[in-house]
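Have a look at the structure below, then the notes.
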Amino acid sequence: MPTEFQDVDDWFSSLGRPNLGKLPADHALIRAYGGQGWRLKTMGVIVAVLADDDFPYSKPQAFVEAYDRKRPRPHIEPLKDVPGSARICIDSVALPDDPLLSIKTAVHEARSLLKANDNGEEDEDFENDFRLYWHHYLPAGARNARLLGLSEISEGAGACHLAGDSYFCFPNKVSLRRWAVNIASLTVKRPRRFPIVPLSLFPRPDRYPHDAASLLTFLERHSTRGIELIADMLRACPKRIPVVFSGTAPNGRTFQVAVELLLKTDTKGRSPVRAHAHSKLSDKGVFDQYNVFPLDTRDMGAATSRMSNRDQAAMGKKVVVVGCGAIGSAIVMTLAKAGVSRIVLVDPDRLGWENIRRHELGADSVDESKVIALKGRILRSVPETERVDALPIRLQTAIRERSDLLTGIDLVVSATGDWACDAFLDQALEAMETPPPALYAWTEAFGLAAQAILISRAGTRLTSGFEIEGTFKGQSSHTDLPAPDECGNSTSPFGQIEVSQAHVVATKLALESLAGMHVGENVWRTWTTDKRSLEASEGRWTQWWLDHHGTPPDEGGFWSAAWDF
């Protein structure tokens, strides 16, 4: 027996009467999670403490045995894979250097939580973490409800589609159909309506609705017009319909959960009440025609819950991206994930084998139009994106064919690295009465530096920082190494690390612009590589850069200033 387990055995033995011994090897918790466990009686319940096979390099867990789901307790989660047991939500930590202390801490935290529960100190958690409790108290085999955008509706009706065992619920037909096409190329011809019912209070798990009677009681206690809203839809005699409940917890968090109402039928699949009579039933009478099943409800909008406020400011914005190579594709994928909802992609090129090591697209898109393949990638990855237009043509052609291309947008990004294209865009924006902010991004030869320039002050020109033939006046690096033949002398080799750095410096500036952080400002940012990479490419810092900004850090770094050419 390992020393750490012998020490734990001895400590449990020292507890005297509360110690109920070790869990047998065939105990359900051991079968489910492995390791070793100990039992003790405390706070009126039997607590099992489990150290799994990774212990002491994992956290010990605590469980309540013979847990009564009809008497729910805060911070205690019934286990689906071990019926009759429930996990105690403790904040134990792994202490590899002191396994016994880790076990003692777990026991102490379990006892403290049970005591707080007995004193009613944690009851509010049933509301503050309502969706989690709903999930843990679901019956076996529950269907699914996947919600998106329902925070836009406090009460009323939405549109849904049933696919397999899952309802996909949206605020309206347009958003449902767009999402279905984007993620699965699925056309939803006849979306179903469903009611959205606001709740004034979230109940305890033992009062969750599970049949018509408990649903009516639930609605009477926790909603104002819920019975009326649902009954009106049920009178149309749908065979099945989801109902979404929405509310705000005391801690300010909003939650939505759902149940399914399934029409009762006889052995031949017929409703006991004919349709014409069904429509005339009372509220209670029409509810009685349905079985009630809680749904495993997940909010697909949780995709934004870990985004920063700056990134969320990009939601709903429109951006034109010109140039969808390695840097442009990385920028646009990040902007899409940040919530930019309308995107226009402009690039005439197809993806080649030489691109795939540093491009967002891979070998499965070789020989395809970059913008068309990237459009598909965006819509599949972020299906709530409202619209992506793919223009497999040059910018000059795009503006001739769509004179309003740059009108009504929030930002235009040029990541072509092509002087003629950038100069054309600069001129086109200069001719506009109210031009949008413009971000220009490119890497210097061999990825020794990356440049990002944001111009949002009227009357400022990108071309003022370039010589007539397109040489950047503020260039930071130089190398005499020739570009390899396979690059056509129009680009140079650099890897994913350099793309990532260029992507970061440009995309961060783009998101800041979309968040309104640089209104009327012109910003110039540069990333410089590390000394070792500079030497490996036989490169050097230009005299202009050394004179104006000094020698870059040996480990590489970022630099920012106003665009003042």
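The values are calculated or read from the model by the stated rules, or taken from the named source; none is laboratory data. These numbers were taken from a predicted model, which means no experiment stands behind them. All Cβ positions, even for glycine, are placed from backbone atoms using ideal geometry, and neighbour counts span all protein chains on display. Just the protein is used for accessible areas: all its heavy atoms, side chains included, with ligands, DNA and RNA removed. Shrake-Rupley method; radii C 1.70, N 1.55, O 1.52, S 1.80 Å.
Looking at I88, I46, which one is under 24 Å from L20 (Cα atoms), open to solvent by less than 30 Å² (accessible area, probe 1.4 Å) and at pLDDT 95 or above?
Numbers: I46 fails: open to solvent by less than 30 Å² (accessible area, probe 1.4 Å).
Exactly one residue qualifies, and that residue is I88.
Name the residue, out of M233, M315, that is at pLDDT below 90 and surrounded by 13 or more Cβ atoms within 10 Å (Cβ to Cβ). Before you say what the answer is, go through the steps one by one.
Values: M233 fails: at pLDDT below 90.
Testing whether each residue is at pLDDT below 90 and surrounded by 13 or more Cβ atoms within 10 Å (Cβ to Cβ) leaves just M315.
The rows are residues; the columns are (1) modelled with pLDDT of 95 or more; (2) among the polar types (S, T, N, Q); (3) in a helix (DSSP H, G or I); (4) closer than 30 Å to E469 by Cβ.
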| residue | (1), (2), (3), (4) |
| --- | --- |
| G339 | no, no, no, no |
| R357 | no, no, no, no |
| D389 | yes, no, no, no |
| Q396 | yes, yes, yes, yes |
Got at least one residue in region 240-259 being in contact (Cβ under 8 Å) with a residue 40 or more places away in the chain and more than 30 Å from D123 (Cα to Cα)?
yes
Residues of region 280-302 being surrounded by fewer than 20 Cβ atoms within 10 Å (Cβ to Cβ), over 21 Å from the mean Cα position of the chain (by Cα) and either in a helix (DSSP H, G or I) or of a type in the set (F, W, Y) (or both), in sequence order, are D283, K284, G285
Flagged in region 404-423 as open to solvent by less than 30 Å² (accessible area, probe 1.4 Å) and over 22 Å from A336 (Cα atoms), in numbering order, are C421, D422, A423
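Mind listing whichever residues of region 207-263 are of a type in the set (S, T, Y) and either outside any loop (DSSP other than H, G, I, E, B) or over 31 Å from the mean Cα position of the chain (by Cα) (or both)? Can you show your working first?
So the first thing to find is which residues in region 207-263 are of a type in the set (S, T, Y), and the list is 208, 214, 217, 223-224, 246, 248, 254.
S214, T217, T224, S246, T248, T254 - these are the residues of region 207-263 that are of a type in the set (S, T, Y) and either outside any loop (DSSP other than H, G, I, E, B) or over 31 Å from the mean Cα position of the chain (by Cα) (or both).
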If we keep only residues of region 164-179 that are among the small types (G, A, S) and closer than 24 Å to L262 by Cα, then the residue least open to solvent (accessible area, probe 1.4 Å) is S166
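Given the criteria in contact with a Pro (Cβ under 7 Å, 6 or more places away or on another chain), assigned to a strand (DSSP E or B) and either among the acidic types (D, E) or open to solvent by less than 20 Å² (accessible area, probe 1.4 Å) (or both), does A145 qualify? Outline the logic, then answer.
Working: in contact with a Pro (Cβ under 7 Å, 6 or more places away or on another chain): yes; assigned to a strand (DSSP E or B): yes; either among the acidic types (D, E) or open to solvent by less than 20 Å² (accessible area, probe 1.4 Å) (or both): yes.
For A145, the condition - in contact with a Pro (Cβ under 7 Å, 6 or more places away or on another chain), assigned to a strand (DSSP E or B) and either among the acidic types (D, E) or open to solvent by less than 20 Å² (accessible area, probe 1.4 Å) (or both) - is met.
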Those residues of region 318-334 which are surrounded by fewer than 24 Cβ atoms within 10 Å (Cβ to Cβ) and touching a strand residue (DSSP E or B) at 6+ places or on another chain (Cβ under 9 Å) amount to K318
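Quick grid of which residues meet (1) touching a Cys at 6+ places or on another chain (Cβ under 6 Å); (2) assigned by the TED database to the domain that holds I30; (3) closer than 15 Å to T42 by Cα; (4) not β-branched (V, I, T):
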residue: V82; (1), (2), (3), (4): no, yes, no, no
residue: L100; (1), (2), (3), (4): no, yes, no, yes
residue: R111; (1), (2), (3), (4): no, yes, yes, yes
residue: N117; (1), (2), (3), (4): no, yes, yes, yes
**Prompt:** Among the residues of region 537-551, is any under 25 Å from A330 (Cα atoms), of a type outside the set (V, I, T) and either surrounded by fewer than 16 Cβ atoms within 10 Å (Cβ to Cβ) or modelled with pLDDT of 95 or more (or both)?
**Reply:** no
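Quick check on my filter: what residues within region 150-170 are small (G, A, S) and under 21 Å from the mean Cα position of the chain (by Cα)? Quick ask: steps written out before the conclusion?
We begin by selecting, within region 150-170, every residue small (G, A, S); these are 151, 154, 156-159, 163-164, 166.
Answer for region 150-170, where residues must be small (G, A, S) and under 21 Å from the mean Cα position of the chain (by Cα): S151, S166.
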Across (1) out of contact with any strand residue (DSSP E or B) (no Cβ under 6 Å at 6 or more places or on another chain); (2) in contact (Cβ under 8 Å) with a residue 60 or more places away in the chain; (3) assigned to a loop (DSSP other than H, G, I, E, B), R69 clears everything bar (1)
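Rundown of residues vs (1) closer than 21 Å to G301 by Cα; (2) not in a loop (DSSP other than H, G, I, E, B), yes/no style:
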{"residue": "R87", "(1), (2)": "no, yes"}
{"residue": "S92", "(1), (2)": "no, no"}
{"residue": "D97", "(1), (2)": "no, no"}
{"residue": "Y167", "(1), (2)": "yes, yes"}
{"residue": "L176", "(1), (2)": "yes, yes"}
Flagged pairs (Cβ under 6 angstrom, 6 or more apart or on separate chains; first in region 189-211, closer than 16 Å to H222 by Cβ and not assigned by the TED database to the domain that holds R225; second open to solvent by 10 Å² or more (accessible area, probe 1.4 Å) and not hydroxyl-bearing (S, T, Y)) are none
